[in-house]
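Everything on this sheet refers to the single structure shown next.
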Amino acid sequence: MENIHINEDEISYIAFHIGSYFERRKNLEKKIICAVICPNYYDMRLQLIQKLEKKFHNSLEIIKVLSDSSEIVLLEEIDLIISTLPLKDEQTPSVFVHPYLTEEDYGYIQIQLNKLNKQKKNRKVKQYLDLYFDEDLFMKNVYLDSDESYIAFMAKLLYEKGYVSIDYGKSVLERERMSSTAFNNNVAVPHSMHMDAAKTGICINILDRPVDWGKEKVQIIVMISINKQQRELFSPFFEGVINILSEWRNVHELIKAKDYNDFMEKMMRLLNEN
């Protein structure tokens, strides 16, 4: 271990720049990363860049400007190429534009941005689904005699898969006794009052016919375990899931899922529409 001492001013300076780095990374994740190919004739290139940044500053981040297509091989992590020169056999999505942008050029760029943003959202949703759902935690038509039985059964499954401690079911039951977690007369979301799970995950039971949950009837039971360190990442995704489950037409669609893969496809489509 190096014997290096850093004073408080230096620590504040480093922390500020590290924070700025992560903030820039976060902002970049929301944008399409772009390279522009344009010969450097007089101020034509500068005007092109300025127009693009003015028009698409919220959705496009230009990180490379090249003079010709021979430099494309050097590009990495580029989502889109905007070029005033014709491109051949380019695998990266591209838009050919005039050196002095026309309204038609703006339209072509926007179409490509919409397409790429949709693809990016699909990939992100798929990533979250794969991260928080598990085929081993998915059940279809497991019928038990009470809400307490479902809680005990699903908590045991989460425990066996390494998500929660052995006492998790007691914590969920304690929360359920305070007030029912059933809502919309279709869905129950039993959970603990504590975010002390080893891993964040979702255990789900889909039922063809309604079952009693306290004074309500439900057809989807979703038990969640939340790890405190994963809360910020998980919360926006789970909010999207709850929004879907809040509408009967979505619940009706999900309960028709034949198996885990069918359920995941339906959930992905609904999340993308949400």
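Observations
- Residue that is within 30 Å of residue 269 (Cα to Cα), more than 22 Å from the chain's Cα centre (by Cα), at pLDDT 90 or above and not in a helix (DSSP H, G or I), where the choices are 36, 95: 95
- Any chance residue 172 is under 23 Å from residue 140 (Cα atoms), assigned to a loop (DSSP other than H, G, I, E, B), touching a residue at least 24 places away in the same chain (Cβ under 8 Å) and among the aliphatic types (A, V, I, L, M): no
- The residues of region 238-260 that are closer than 15 Å to residue 203 by Cα and part of a helix (DSSP H, G or I), listed by number, are 238, 241, 242, 245, 254, 260.
- Every listed requirement among (1) under 30 Å from residue 80 (Cβ atoms); (2) modelled with pLDDT of 90 or more is met by residue 161 save one, (1).
- Against the list (1) assigned to a helix (DSSP H, G or I); (2) among the basic types (Lys, Arg); (3) under 21 Å from residue 139 (Cα atoms), the condition residue 231 fails is (3).
- Some residue of region 115-136 being among the β-branched types (Val, Ile, Thr), crowded, with 16+ Cβ neighbours inside 10 Å and out of contact with any Asp or Glu (no Cβ under 8 Å at 6 or more places or on another chain): yes
- When residue 142 is tested against (1) buried (at least 17 other Cβ atoms within 10 Å of the Cβ); (2) assigned by TED's automatic domain parsing to the domain that holds residue 255; (3) touching a residue at least 12 places away in the same chain (Cβ under 8 Å), exactly one condition is not met: (1).
- Qualifying residue in region 190-212 (condition: crowded, with 17+ Cβ neighbours inside 10 Å, free of Cβ contacts under 8 Å to residues at least 40 places away in the same chain and either touching a Gly at 6+ places or on another chain (Cβ under 6 Å) or farther than 19 Å from residue 128 by Cα (or both)): yes
- For region 98-125, a residue qualifies if it is within 22 Å of the chain's Cα centre (by Cα) and either in the same structural domain as residue 241 (by TED's automatic domain parsing) or touching a residue at least 60 places away in the same chain (Cβ under 8 Å) (or both), and the qualifying residues are 113, 116, 117, 118, 120, 121, 122, 125.
- Residue tally, condition of a type in the set (Val, Ile, Thr) and either more than 14 Å from residue 221 (Cβ to Cβ) or over 26 Å from the mean Cα position of the chain (by Cα) (or both), over region 166-197: 2
- Taken over region 175-214, the criterion of being more than 22 Å from residue 231 (Cα to Cα) and part of a helix (DSSP H, G or I) is satisfied by 177, 178.
- Residue within region 49-72 that is farther than 21 Å from residue 116 by Cβ, among the hydrophobic types (A, V, I, L, M, F, W, C) and either at pLDDT 90 or above or in the same structural domain as residue 29 (by TED's automatic domain parsing) (or both) present: no
The values are calculated or read from the model by the stated rules, or taken from the named source; none is laboratory data. It should be emphasised that the depicted structure is a prediction, and the values quoted were computed from it without experimental measurement. Virtual Cβ from ideal backbone geometry, glycine too; neighbours counted across all protein chains shown.
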